[in-house]
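Notes for the one structure printed next.
The values are calculated or read from the model by the stated rules, or taken from the named source; none is laboratory data. Just so we're clear, the structure is a prediction, and the values are computed from it rather than from any experiment. All Cβ positions, even for glycine, are placed from backbone atoms using ideal geometry, and neighbour counts span all protein chains on display. Just the protein is used for accessible areas: all its heavy atoms, side chains included, with ligands, DNA and RNA removed. Shrake-Rupley method; radii C 1.70, N 1.55, O 1.52, S 1.80 Å.
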Amino acid sequence: MSFIKSGNLPATLAKISRLLAIQEKQGYIVGGFIRDWLLERKTNDIDIAVSGADLTIVRQVAEEIGGKFVLLDDVNNVARVLVIEDEQPRGTSQNQELRGAEWHFDFSTFTGDIESDLARRDFTINAMALELSQFVAASTATKMSSRKSASFLTEEQSPLKLIDPFSGREDLRDKIVRGVSEQIFEADAARLLRAVRLAAELDFAIEPKTESLIRRYAQTITEVPGERVREELLRLLTLPQSAYNLRYLDKLGLLLALIPELAESKGVEQPTVHFWDVFEHSLQTVAAIEFLIRESDWEYSNDDMLSTAPWSDMIDRHLSQEVSSGSNHKVLLKLAGLFHDIAKPMTKSIDDTGRARFLGHTKQGAAMTANILERLRFSNREIRLVESLVYHHLRPVQMAHEEFPTQRAIYRYFRDTGEAGIDILILALADYLASRGPLVSMEEWGKNCQLINYILAEHDKQQTKILPVKLIDGHDIMNNFDLAPGPLIGKLLAMINEALASSELSTKEEALALVRRELATVSKQQTRVTQKSQNSGVKTIPDTKVD
């Protein structure tokens, strides 16, 4: 792949401009790149509109700049040239933040004039253009950075002439997301989510008429392919204030259109320890998660809450790990916060004391969550993770029984939850905060944090015992007990690890003795099963007489 640094971008664009000129094509830089350039925001996405209806030239561009051609939309003639930067030569420190970055050159075609093309775009702040050859000439002549070139547009003598038929630059100044026309959502319903995401990303407000249009067309979001919904939803959840953004989606009618399963949770009352109904509690859980992961404030917090809550570089690194393309543990933890009680409405019952119970809501909620995420085309790994978070979200509290959990209980918890283990602990704390709301007891909060901190600390100790120590392996078991390879060997090794983590053994001899006892128990069980089977299989043959 080509080595394209931000400083080499004008040269790369010059190559593209030259190829277009040879083919007698007119090229314009359009859309998000112009918006971000004017806002002085970093971006690696460059949209180029090309006159004519043929994308053949894009393949030539890919070859010229050392990129990969990707056809994005055959019907609407949209293609991408993907360029991944080579690593910097050793000894250089310039542009370290862009090492290995991806550049997306997205090409679309248009017929007629560029103004007609801009009229088909979504929002005014995305409907501006610059002639590519002008941009290249100005950038090359002045060797200007994006900041300098953005300010260069304001100069009266500037050779750069911004094409802005819908006053997008004025809306940028006023921090407004405004639709280009009333037909924008008819043309592409994914723009409904994009409007909210853009407003959140840029800290803009959606203009009232555009808000009204979103409400009018909200139900059409169901026609958008799940993959596109997933992408927009994940980008929205990546941002701080996700709970606020989810509430805004609900206000616009988009949240329940996307996830109708949430509708039944509105107005479902809970026991008196809960301050809110199920729906509001779910949104508050997302807000509490953002508070606990140090991403946003929570309106019901105080100065002492975070001082006792678990946090470390290790937790931060874990939550920042990518799960799938576009998602990490933090984002999916927020999603689990939204879904963790989704099955409460259908599992609600009233016991003899008049108290509401929600028996089985974790199991049923996990199944519902998996169905929703499958519908929205999340990856299998993403689905398994969020499903596990919903299924196990009560387990940390259930482990305690009014005292700290045993070593064996902690080991089994992380054995069963795997990569979701830490996430579930955070979710459990957020669930508590969102249950009590403004009535949070600092004494109870301290006990909850003490429990979670204890589980994390003991887990670290167990890992220290298990990871560097290998008392016996599968070959030792097979050789000492004349066993063949198979699932039994794995089960025996897992049993040894659990005993080691629980400080029940520390030597090879003790490990072998444990295996010996377990095999004796298995043998006795098999003998009883065999005898029972034989006894149940004996039939009494009645006497028969032949007359």
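Accessible surface calculations at 1.4 Å, restricted to protein heavy atoms, place the chain at 51 Å² per residue. Phi angles across segment 422-436 convert, under the Karplus curve 6.51 cos²θ - 1.76 cosθ + 1.60 with θ = phi - 60°, into 3J(HN,Hα) values of 5, 4, 5, 4, 5, 4, 4, 5, 5, 4, 5, 4, 6, 7, 8 Hz, Gly and Pro given as x.
What you get for the chain, charging only the Cβ of Lys and Arg (+1) and of Asp and Glu (-1), is a dipole of about 1100 debye around the Cα centre.
Along Cα→Cβ, 7 Å out, is where each label goes; now give me the distance between the ones at S312 and K461 in nm to one decimal. For the pair S312/K461, the computed spacing is 1.3 nm. Placing unit charges on the Cβ atoms of the charged side chains and taking the dipole of segment 220-319 about its Cα centre, the candidate lying farthest along the positive direction among P271, L255, P240 is L255. In order along segment 366-376, the Karplus-derived 3J(HN,Hα) couplings, from 6.51 cos²θ - 1.76 cosθ + 1.60 at θ = phi - 60°, round to 5, 5, 5, 4, 4, 5, 4, 5, 5, 4, 8 Hz, and Gly and Pro are given as x. Here the chain has an Rg and Dmax of 30.6, 127 Å, counting Cα atoms alone.
Gain on full extension, evaluated as 0.36 nm per residue between E115 and N328 minus their Cα-Cα distance, stands at 72.7 nm.
Using the Cβ-Cβ distance between E295 and F69 with R0 set to 56 Å, the FRET efficiency works out to roughly 0.90.
Within the chain, DSSP assigns beta bridges of which about 75% are antiparallel (rounded to the nearest 5).
Is there a pair in K470/K508; K251/K344; K266/K330; K175/K209 whose C-alpha atoms are over 19 Å apart, and which pairs would that be? Exceeds cut-off: K251/K344; K266/K330. Working note: Karplus 6.51/-1.76/1.60 with θ = phi - 60° gives segment 45-52 the couplings 10, 10, 9, 10, 9, 10, 5, x Hz, where Gly and Pro are set to x. Could you check how much of the accessible area of the chain is carbon and sulfur, as a whole percent, using a 1.4 Å probe? Accessible surface attributable to carbon and sulfur in the chain totals 48 percent.
Label-to-label distance, T220 versus D473, with points set 7 angstrom from Cα along the beta-carbon direction: 6.3 nm.
Taking Cα atoms only, the orientation of helix 9-22 departs from the longest principal axis of the chain by about 60 degrees. Taken along the Cα-to-beta-carbon direction at a fixed 7 Å, the label points for Q60 and E509 span 8.2 nm.
Got a sec? Which residues in segment 184-212 would a label at R377 touch, if it sits 7 Å along Cα→Cβ and we count backbone N under 14 Å? Within reach of a label on R377, which here means backbone N under 14 Å from a point 7 Å along Cα→Cβ, segment 184-212 contributes 189-191. Reported to the nearest whole Å, the Cα centre-to-centre distance from segment 358-401 to segment 511-526 is 35. Taking the charge dipole of the chain about its Cα centre, with +1 at Lys and Arg Cβ atoms and -1 at Asp and Glu Cβ atoms, the residue from N126, A14, G67 reaching farthest to the positive side is G67. Counting 0.36 nm for each residue step from V273 to M495 and taking away their Cα separation leaves a gain of 76.0 nm.
Please name whichever of N448, I221, Y300 sits farthest to the positive end of the charge dipole of the chain, dipole taken about the Cα centre and charges placed at Cβ: Lys and Arg +1, Asp and Glu -1. Highest projection toward the positive end goes to N448.
Measuring r between the beta carbons of A137 and D482 and using R0 = 60 Å, the FRET efficiency lands at 0.15. Estimated from helical segments only, the mean residue ellipticity of the chain at 222 nm is -16000 deg cm²/dmol, where each DSSP H run of four or more residues counts as -39500 (n - 2.57).
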